Amino acid sequence: MDQQEWMGYVSRLANGEYPVPVGMIQDYNDWRCRSIVGRALYWMGDTESAMRVLSTVVNVEPNMDDDPEYGLSEAEHKVLCLRDIAEIVWKLAKSEEAALTYLKEAYDLSRAYKHSFHSCARGDMFYRRLIVLSEAGKTQQAVDEAKAMVEAEKDNNGVNPYKYFALKFLAEDAHNAGDDAKASEIYAEAFKYYPQNDIAERDLAKAAAEEDAAKRYKAYEFCSTVQYKPWEKQRPIVLRRGIDG
């Protein structure tokens with residue numbers, strides 16, 4: 001990628017409908033700038049350009065001790081880049097092996113990082129793996145892996161994105177099988193591990209009170225789209241087996 005191409009991407013983002021401050025993205029030699037530019041291009045729908053930029057980040061080794069009070073750590077930058085690359089190669093090329101490889105690296109990195117993530121839920125990397133498996137015709141494998149995750153995390157209660165996303169997938173699988181009553185029960189269990197505030201408690205109580213199973217499932221599904229509180233608001237963070245953040 002030459003300087004002219006790079007500055008073209010920077011100019012597009014700095015002067016777009018939702019401008020990104022130039023200071024955050026102009027330094028090509030700072031891989032975090034490339035991370036932001038690549039992910040922003042993907043968000044804009046320019047997957048080809050996004051992949052050109054994101055591919056320059058694949059071999060970067062993040063500083064696992066980087067723990068900023070605000071913004072993304074190097075580890076989180078890398079995880080988000082790997083996540084988006086996995087989504088691109090799956091959507092465009094239907095390359096199951098490549099998508100799962102990138103998602104595994106993102107998952108392993110998020111498990112290994114001992115500090116807070118500020119923008120995403122670590123369990124989302126595992127959930128995306130389950131979705132790829134299911135869309136690739138391996139739904140039973142995905143279900144088995146989700147159940148295995150729930151079992152592995154059985155002693156890690158409280159806010160837990162790994163357990164939540166595993167149960168979320170199982171709820172969706174039950175819904176797809178036509179059993180909204182079972183799906184709702186699983187979703188209700190899943191939300192025990194979801195970060196909640198007073199509004200979440202209200203919404204979840206309303207969902208639980210729905211007598212019709214289909215409407216109950218839809219109400220829980222709506223709750224899953226709302227980030228009521230940050231996943232990792234308080235420290236210490238205890239999200240990894242055997243590691244107290």
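Worth a mention:
- Test item: Cα-centred dipole of the range 114-244, Lys/Arg +1 and Asp/Glu -1 on Cβ, debye: 580
- Protein heavy-atom accessible surface, 1.4 Å probe, per residue over the range 1-129: 50 Å².
- Debye, to nearest 20: dipole size of the range 74-171, +1 on Lys, Arg Cβ, -1 on Asp, Glu Cβ: 120
- Summed over the residues of the range 140-201 and divided among them, the accessible surface reaches 45 Å² per residue at a probe radius of 1.4 Å.
- Taken one residue at a time, the phi angles of the range 69-86 give Karplus couplings (6.51, -1.76, 1.60, θ = phi - 60°) of 5, 10, x, 8, 6, 4, 4, 5, 3, 5, 4, 5, 5, 4, 4, 5, 4, 4 Hz. Gly and Pro are set to x.
- Measuring gaps between exposed loop sites in the chain (trypsin sites (Lys or Arg not before Pro); DSSP loop; at most 14 other Cβ atoms within 10 Å), the longest gap, sites not included, is 1-93.
- Lys, Arg +1 and Asp, Glu -1 on Cβ, resulting dipole of the chain about Cα centre, debye, nearest 20: 200
- Whole-number percent relative contact order across the chain, with pairs defined as alpha carbons under 8 Å at least 6 apart: 12
- Computed log₁₀ I(q)/I(0) - Debye formula, equal Cα scatterers, no solvent, the range 19-113, q 0.10, 0.20, 0.22 Å⁻¹: -0.25, -0.97, -1.14
- Amide H to amide H, with H built 1.01 Å from N, Ser73 comes under 5 Å of His118, counting only residues 5 or more places away or on other chains.
- For the set Lys104/Lys233; Lys91/Lys147; Lys114/Lys138; Lys104/Lys138, the pairs lying more than 22 angstrom apart at their alpha carbons are Lys104/Lys233; Lys91/Lys147; Lys114/Lys138.
- Angle in degrees between helix 213-223 and the longest Cα principal axis of the chain, rounded to the nearest 10: 30
The values are calculated or read from the model by the stated rules, or taken from the named source; none is laboratory data. Note that the structure is a prediction, hence the values are computed from the model and not measured. We place every Cβ from the backbone using ideal geometry, glycine too, and count neighbours over all the protein chains shown. Heads up: the accessible areas ignore ligands, DNA and RNA and are worked out on the full protein's heavy atoms, side chains in. Shrake-Rupley method; radii C 1.70, N 1.55, O 1.52, S 1.80 Å.
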